[in-house]
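The block underneath contains the structure these notes are about, expressed in structure tokens.
Quick note: the coordinates plus some simple rules give every number you see, no bench work behind them. In this text, all values refer to a predicted model and were calculated from it rather than measured experimentally. Cβ: placed from backbone, ideal geometry, glycine included. Neighbour counts: every protein chain shown.
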Amino acid sequence: SLEWENEEERAKQANKLLRDFQDKYNLTKDNLTDFIDVFNNVSKLMKGHVGDREHKIWSFEGAFYFCTTAITTIGTGNITPNTSAGRWFCIAYVLIGIPLLTLFFGMTGYYLTQLLRLAILKIESCSKIRMKMFLRQCTFALITWIIGAVCLCLYALWMFNSISGWSIGESIYFSLTTFSTIGFGDYTNYDGNTHEFPLVISSFMVLTLMLPASSLLFSTTAELLQTVICPIYISSGLVKKSELARILAEDQLLYRYRKLKKEKSTDCDCAL
């Protein structure tokens, strides 16, 4: 596996650190085990901020960060509720918020789709080029992929400049796992420091605009794959022609749009 050698190397480094620590303070094996247990418990209680007594996880920034990652289903896991009241509130919050946000993303993605399709039609009409359905869908998918790639790179570069210690590869990795709502949690742009409040606000303002764009990107790719795969399924007898007709319905709508526009243009010429 790709990660196996790295895992072995990290295990060796960890064991070396433990041996060096044990030799430095002349600890027995039982003393070292007890210390590790205490440290793990304290780290769990402090969410990894051991020794930082001034650190406040549930500040306004932390609460805003948690609510955003929860409702967008990113769920990085670095901030979680620890009380029964907090968990019940989280349950109610996500049950109501996720469907509403999904509706918002769906509507935004739909209008973005229509806007891009109308732009392609406008270019076709101005250049007097008539593209077939498959070519039009390929063009549409290519445009959405270019837009998504540019936005992803810009956000990654922004995170690279904003978060100290991150490489450009780590920034792209974080941006992609965030936009796809995977949210592994190994990288996060919030560690609880109050001076990062503007970063938290501005980052998730970008996310609320970028997630509909990523939804548009995935749906466009799915439509293109359907157009490619359906003829193969029909020829093999796995899918009926009625399924292909559903995909071609969109092309009929575009044809009607062109026909209506041509009729209006003809009426204007006659009036002159």
Practice problem: Compare the Cα positions of Gln13, Leu45, Phe104 along the charge dipole of region 1-111 (+1 at Cβ of Lys, Arg; -1 at Cβ of Asp, Glu; about the Cα centre) and return the one farthest towards the positive end. | Solution: Phe104
Self-check item: In sequence order, calculated HN-Hα J values of region 87-93 (Karplus, 6.51, -1.76, 1.60; Hz; x Gly/Pro)
Solution: 5, 5, 5, 4, 4, 5, 5
Exercise. Mind ranking 112-124, 169-181 by how tightly packed they are, going by the mean number of other C-beta atoms within 10 angstrom, highest first?
Key: 169-181, 112-124
Quiz item: What is the gain in length, in nm to one decimal, between Asn26 and Leu154 on full extension, counting 0.36 nm per residue of separation less the C-alpha to C-alpha distance?
Solution: 41.0 nm
Exercise. Starting from the Cα-Cα distance between Ala11 and Trp58, subtract it from 0.36 nm times their residue separation and give me the gain in nm to one decimal.
Key: 13.6 nm
Practice problem: Could you work out how far apart the two model spin labels at Asn40 and Ile232 are, taking each label as a point 7 Å from the Cα in the direction of the beta carbon, and quote it in nm? | Solution: 4.8 nm
